[in-house]
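The values are calculated or read from the model by the stated rules, or taken from the named source; none is laboratory data. Computed from a predicted model, the values in this text were never measured in an experiment. Using ideal geometry, Cβ is built from the backbone for each residue, glycine included, and neighbour counts are taken over all protein chains shown.
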Amino acid sequence: MSGERRPRGAALVGRAAGTPLGPRRWRVHDALVPMRDGVRLRTDVHRPEGTPVGTVLVRDPYGRRGVLPWFFTRPFVSNGYVVVYQSCRGTFGSEGTFEPARHEVADAIDTVAWMRNQPWYTGAFATLGGSYTGFTQWALRVDEPADLAASVIAVAPHDLARLVWDGGALRLDDMLGWTESVATQEDHAGLAALRHDLTRRRRIAPALAPAPVIGSARALLGDRAPWFVDWLTHPDVEDEYWAPHRLDGVLESTTAPVLLVGGWHDVMIRQTLEQHQRLTERGVETALTVGPWAHGPDLLLKGALRLLVQEALDWFDHHLRGRPLARRSAVRIKTSGGTTWHETAAWPATSRPTVVHLASGSGLGTRPVEGPTRLRFTHDPADPTPVPGGHALFPPSGPRDDGATESRPDVLVLTSAPLPGATTLLGEPTVTLHHTVDSEDAELHVRLCRVDHRGRSTGMADGHLRVVGEPGALHTSIIRLRPVAVDLAAGTRLRLVLSGTAHPAFASPVALAEPGDIRAARPRVHEIAVEPGHDPVLTVPTRS
């Protein structure tokens, strides 16, 4: 099929992208690209008139129509790039069966081999995309082609196993929601597809109840997404099952330039920053842009997609056309609550560790307590502690009012004195605890909040830990919270909230138990030791 340079809605998308469409007219034709095992992948080739300046490859499991494909095709093809937009196997007309991560390395390499034989191929290409589409880019770099000139990878993991089992705990809401969405995404089109997306939480709600999830997940998904049950039955990320999902080695081998885009409230932020750090340490040309947004629709609503298109065009024009880069620094960050972008040469940015002690009673203090005490809370798996917002794939995500959760009797709330001056938290907070639980299997969720002058508490960062061991044994744990970049006004107080679960973000022991296992539903008593030699502390990176 063919398309005009400015099909209906193209100018609107160009304005929404914040990037004027270029002067090139283009045509679109579809192809079935053969893989080594005989499977053919449905691919749209957006080809500009005249001689192309290079090729942009996008490999996506979410379809070749809609808002995201518009952002990732029109601005680039109208500026002279051939855009190859391919549906991953088993999705939207591509043959085969979709299995997360299983075929992405081989399929990416085979697609590049096909591109090289096309008359429009100029000898160099770039890759583009975010989330799972970003994972497909890391998969390509496992066997990195010499003609890969650059990549733009946004809010994407290189290790899917650590996304599924985060800190040893299953990210239930995100992973079940994503699985159900992918399994049913082709059932509807147009407005019906939008309604389907908006009712996702209602559809998966029965499987989020405090009960064994394996049966409810099978009832919800049927035989459409067998990988989810496989995920449930392989909780050890070191298991060989996870090998195709874990691409950590690519960070030690890849050499092509990459621009990384992340969000401070995005569930992938830790991996995005890890990617940047490890590549930079090896001398790979790497740039980083991080702003105050979460995953999913937040990227569109807060202008992240517009920024992504602008920076991707700049990055590709530099590496495929030889034009100077417009960006002035390797790292660009915008804090939550900030209004300007900060340019810096490197990340982590310069900050100092500030230690806050978990004092007895309900406070966070500047000095350790003198006498021994125990901070205690009881968690009932049958009534799991809810956590609003936070780092999640789907809305509601990002900072949310935490008041309702903090008023529950099953949480421990510790609050500091007001900050004497304006402060920026910039980096990864950690919490060091010496703690016990009267069960061999429990969860511990730690959340760092800010409390404004009106007393409103909103989450900034969280960390989750699965506690396994002899009941009553003393555990010493360093819990890494997700990285933050947030401006705090003078008078703001810090608050630490501890709970036995974070529903429905993480699966509780009840959700992971075998059906009929009544031990999993027993309430769990958590105790934090506060005494000399066992001084629990919160360490926050600050910059005044």
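Restricting the stretch 500-544 to residues that are part of a loop (DSSP other than H, G, I, E, B) and acidic (Asp, Glu), the residue that is nearest to LEU358 (Cα to Cα) is ASP535.
Is it true that SER78 is closer than 24 Å to ASP187 by Cβ, surrounded by 18 or more Cβ atoms within 10 Å (Cβ to Cβ), at pLDDT 95 or above and assigned by TED's automatic domain parsing to the domain that holds ASP30? Taking the combined requirement at face value, the residue does not satisfy it. Cβ-Cβ contacts under 8 Å between residues 6 or more apart (or on different chains), taken from a first residue in the stretch 515-542 that is farther than 14 Å from LEU498 by Cα to a second residue that is among the charged types (D, E, K, R), are listed as ALA520/ASP441; PRO523/ASP380; VAL530/ARG374; PRO532/GLU370; PRO541/ARG352; PRO541/GLU428; THR542/ARG352.
GLU406 meets all of the listed conditions (1) at pLDDT 95 or above; (2) over 19 Å from LEU358 (Cβ atoms) but one, namely (2).
Contact map, the stretch 299-318: residues that are farther than 19 Å from MET268 by Cα paired with residues that are buried (at least 20 other Cβ atoms within 10 Å of the Cβ) and at pLDDT below 90, Cβ distance under 9 Å, separation 6+ or inter-chain. Pairs shown: ARG306/ALA17; ARG306/THR19; VAL309/ALA17; VAL309/THR19; GLN310/ALA17; GLN310/THR19; LEU313/THR19. The set of residues in the stretch 74-100 being more than 23 Å from the chain's Cα centre (by Cα) and part of a loop (DSSP other than H, G, I, E, B) consists of SER78, ASN79, GLY80, GLY90, PHE92, GLY93, SER94, GLU95, GLY96, THR97. Going residue by residue through the stretch 84-93, is there one that turns out to be surrounded by fewer than 20 Cβ atoms within 10 Å (Cβ to Cβ), at pLDDT 95 or above and of a type in the set (A, V, I, L, M)? No. If you take the residues of the stretch 369-391 that are of a type in the set (A, V, I, L, M, F, W, C), in a loop (DSSP other than H, G, I, E, B) and surrounded by fewer than 23 Cβ atoms within 10 Å (Cβ to Cβ), which of them is modelled with the lowest pLDDT? So, considering only residues that are of a type in the set (A, V, I, L, M, F, W, C), in a loop (DSSP other than H, G, I, E, B) and surrounded by fewer than 23 Cβ atoms within 10 Å (Cβ to Cβ), the one modelled with the lowest pLDDT is VAL369. Considering (1) small (Gly, Ala, Ser); (2) within 26 Å of ARG327 (Cβ to Cβ); (3) surrounded by fewer than 18 Cβ atoms within 10 Å (Cβ to Cβ), the lone condition that ALA243 does not fulfil carries the number (2). Is there a residue being touching a helix residue (DSSP H, G or I) at 6+ places or on another chain (Cβ under 9 Å) and either surrounded by 19 or more Cβ atoms within 10 Å (Cβ to Cβ) or assigned to a strand (DSSP E or B) (or both) anywhere in the stretch 314-328? Looking for residues that are touching a helix residue (DSSP H, G or I) at 6+ places or on another chain (Cβ under 9 Å) and either surrounded by 19 or more Cβ atoms within 10 Å (Cβ to Cβ) or assigned to a strand (DSSP E or B) (or both), one finds at least one in the stretch 314-328, hence yes. Could you tell me which numbered condition THR415 fails, if it satisfies all but one of (1) closer than 18 Å to GLY167 by Cβ; (2) part of a strand (DSSP E or B); (3) not hydrophobic (A, V, I, L, M, F, W, C)? The one condition THR415 does not meet is (1).
I'm trying to understand the selection: among the residues of the stretch 141-160, which are farther than 19 Å from GLY262 by Cα, aliphatic (A, V, I, L, M) and touching a residue at least 40 places away in the same chain (Cβ under 8 Å)? VAL142, LEU148, ALA149 - these are the residues of the stretch 141-160 that are farther than 19 Å from GLY262 by Cα, aliphatic (A, V, I, L, M) and touching a residue at least 40 places away in the same chain (Cβ under 8 Å).
A quick yes/no check of all residues on (1) hydrophobic (A, V, I, L, M, F, W, C); (2) under 15 Å from the mean Cα position of the chain (by Cα); (3) assigned by TED's automatic domain parsing to the domain that holds SER253; (4) closer than 23 Å to PRO381 by Cβ:
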{"site": "ALA149", "(1), (2), (3), (4)": "yes, no, yes, no"}
{"site": "VAL155", "(1), (2), (3), (4)": "yes, yes, yes, no"}
{"site": "ALA161", "(1), (2), (3), (4)": "yes, yes, yes, no"}
{"site": "MET175", "(1), (2), (3), (4)": "yes, yes, no, yes"}
{"site": "ALA183", "(1), (2), (3), (4)": "yes, no, no, no"}
{"site": "LEU208", "(1), (2), (3), (4)": "yes, no, no, yes"}
{"site": "ILE214", "(1), (2), (3), (4)": "yes, no, no, yes"}
{"site": "ARG218", "(1), (2), (3), (4)": "no, no, no, yes"}
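Output yes when any residue across the stretch 523-537 is under 30 Å from LYS334 (Cα atoms) and surrounded by fewer than 22 Cβ atoms within 10 Å (Cβ to Cβ), and no when none is. Yes, some residue in the stretch 523-537 is under 30 Å from LYS334 (Cα atoms) and surrounded by fewer than 22 Cβ atoms within 10 Å (Cβ to Cβ).
Of all the listed residues (ARG466, ARG456), the sole one being among the charged types (D, E, K, R) and at pLDDT 95 or above is ARG456. Within the stretch 170-192, the set of residues being surrounded by fewer than 16 Cβ atoms within 10 Å (Cβ to Cβ) and either assigned to a loop (DSSP other than H, G, I, E, B) or of a type in the set (Gly, Ala, Ser) (or both) comprises GLU186, ASP187, HIS188, ALA189, GLY190, ALA192.
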